[in-house]
Every structure is written in C-alpha cells, then in structure tokens.
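The values are calculated or read from the model by the stated rules, or taken from the named source; none is laboratory data. If you're wondering where the values come from, they're calculated on a predicted model, not measured in any experiment. In this analysis, Cβ positions are derived from the backbone assuming ideal geometry, glycine residues included, and neighbour counts consider all displayed protein chains. Surface areas here come from the heavy atoms of the whole protein model, side chains and all, with no ligands, DNA or RNA. Shrake-Rupley method; radii C 1.70, N 1.55, O 1.52, S 1.80 Å.
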Amino acid sequence: MFYTSDRRSESKNDRLKYDMKEPQLDSGMANIFQIDQSVVRIIDVLSTGFKLSNGKEAYGPLLVVNNEAFTLKIPPPVPNPNGKTVNPLLLLDPKALAVLDIVTPKPELIVVGGGAQLSQLSEGARKYLTSIGLKVEIANTRYASSTFNTLLEEGRNIAFLALPAGVTA
C-alpha cells in the first residue's frame, strides 16, 4: 500500500491514509470490476450477429482473435438430400480460418459457438485447428460467448468462432 512517506511529522491517523493518486499495486488484490476497455468482448449475442465491446456490430459468422474481429464467409444452413438442415459449421472450410496461421501470439484455445444449438465442426476444420496447436471448446453461441468473455477476464489468450444465435440446424 502507498502510505504517506514522511512519518515523523504526521499523526497516527494521517499515517493510515492511502495516497489515492498512486496505484495500489502492492496490495496483493485486483479490482475484479475493472474491465480492460481495449479488449474486444462479446457484449450481446443477436439472432443475426453480435454486439462487440468496441461499439461495433458484426452480422453473420464471427471470428475474434487477438482483439481483432473478422466476419467469415461460411455457407448458410442448407438442407441435405434427406431434407434435414445441415449446420454451417459442418461445412466449414479450414481455409476460412487461415488468419490463425499468421496471428502472433497464437491463442491457446478457440471457443466455438454453433448457433442456437451445439454443433460439431467439420472434420477438416477440427483437424486444422488441432494441427496448429489450438484446443477446441464447442457450445451453443450464447454459452460460448459467455465462456469467451470469462476466459478473457482471466487474462487467457483465446479465440472465438461463432454463428449467430438465430442459426438453427
């Protein structure tokens, strides 16, 4: 704690006052309510996109890595020959994630949101992500965004890939 330094001329009560102009660095505590405004977090999950902490809105699939947000070109949900709708993550081309090859530092984990429901990644995308050393966590988009924000607050270097919450398949 930062106390006033000249203790000879101060009363006992003055010595116990904090100098609020100086940061309280040696207290061993952290302000859990202070959020780094420079970090891109997910503020709201919309049915068609996302509201980000930098004031921007992104529509469609989103990739956030190292405080940069990218919209991805992933095919929309389409019915397969049996008439069942296929989640776009199952059709994800690993080339859509090529930005992860060049980012530094490389994230340790990517949190994936599959839309309204949990959905698997395409086999090619999953193999690509694990081949570059990323662990993969998959959930529905609302849960994935909450997990992403929590891990960011813990200071972890992670990435976020998600479909909007309105995508059902």
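Filter region 67-87 for residues that are under 27 Å from Gly55 (Cβ atoms) and touching a strand residue (DSSP E or B) at 6+ places or on another chain (Cβ under 7 Å); which is least open to solvent (accessible area, probe 1.4 Å)?
It comes out as Leu72.
Within region 44-74, which residues are without any contact (Cβ under 8 Å) to a residue 60 or more places away in the chain and either among the aromatic types (Phe, Trp, Tyr) or part of a strand (DSSP E or B) (or both)? Give the derivation first.
Initially, region 44-74 is screened for residues without any contact (Cβ under 8 Å) to a residue 60 or more places away in the chain, giving 44, 51-58, 67-71, 73.
Within region 44-74, Asp44, Lys51, Leu52, Glu57, Ala58, Glu68, Ala69, Phe70, Thr71 meet the criteria.
Which condition number in (1) within 21 Å of Tyr59 (Cα to Cα); (2) more than 16 Å from the chain's Cα centre (by Cα) is the one that Pro79 fails?
Unmet for Pro79, out of (1) within 21 Å of Tyr59 (Cα to Cα); (2) more than 16 Å from the chain's Cα centre (by Cα): (1).
Each row is one residue, and each column tells you yes or no for (1) at pLDDT below 85; (2) in contact with a helix residue (DSSP H, G or I) (Cβ under 7 Å, 6 or more places away or on another chain).
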| residue | (1), (2) |
| --- | --- |
| Asp14 | yes, no |
| Val45 | no, yes |
| Gly49 | no, no |
| Glu68 | no, no |
| Pro88 | no, no |
| Leu100 | no, no |
| Gly114 | no, yes |
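Out of the residues in region 142-164 that are free of Cβ contacts under 8 Å to residues at least 40 places away in the same chain and under 21 Å from Val103 (Cα atoms), which is most open to solvent (accessible area, probe 1.4 Å)?
Ranking the qualifying residues of region 142-164, first place goes to Glu154.
Please specify each residue of region 42-60 satisfying the condition of being open to solvent by 20 Å² or more (accessible area, probe 1.4 Å) and not small (Gly, Ala, Ser). Show your work before the answer.
Taking region 42-60 first, the residues open to solvent by 20 Å² or more (accessible area, probe 1.4 Å) are 43-44, 46-48, 51, 53-57, 59.
Those that are open to solvent by 20 Å² or more (accessible area, probe 1.4 Å) and not small (Gly, Ala, Ser): Ile43, Asp44, Leu46, Thr48, Lys51, Asn54, Lys56, Glu57, Tyr59.
Going through Val167, Val111 one at a time, which residue ends up being closer than 21 Å to Asp44 by Cβ and open to solvent by less than 20 Å² (accessible area, probe 1.4 Å)? Break it down stepwise before answering.
Values: Val167 fails: open to solvent by less than 20 Å² (accessible area, probe 1.4 Å).
Exactly one of Val167, Val111 is closer than 21 Å to Asp44 by Cβ and open to solvent by less than 20 Å² (accessible area, probe 1.4 Å), namely Val111.
Can you tell me which residue is farthest from Lys106 (Cα to Cα) among those in region 117-141 that are open to solvent by 50 Å² or more (accessible area, probe 1.4 Å) and of a type in the set (S, T, N, Q)?
Step by step, filter region 117-141, then rank; the result is Gln117.
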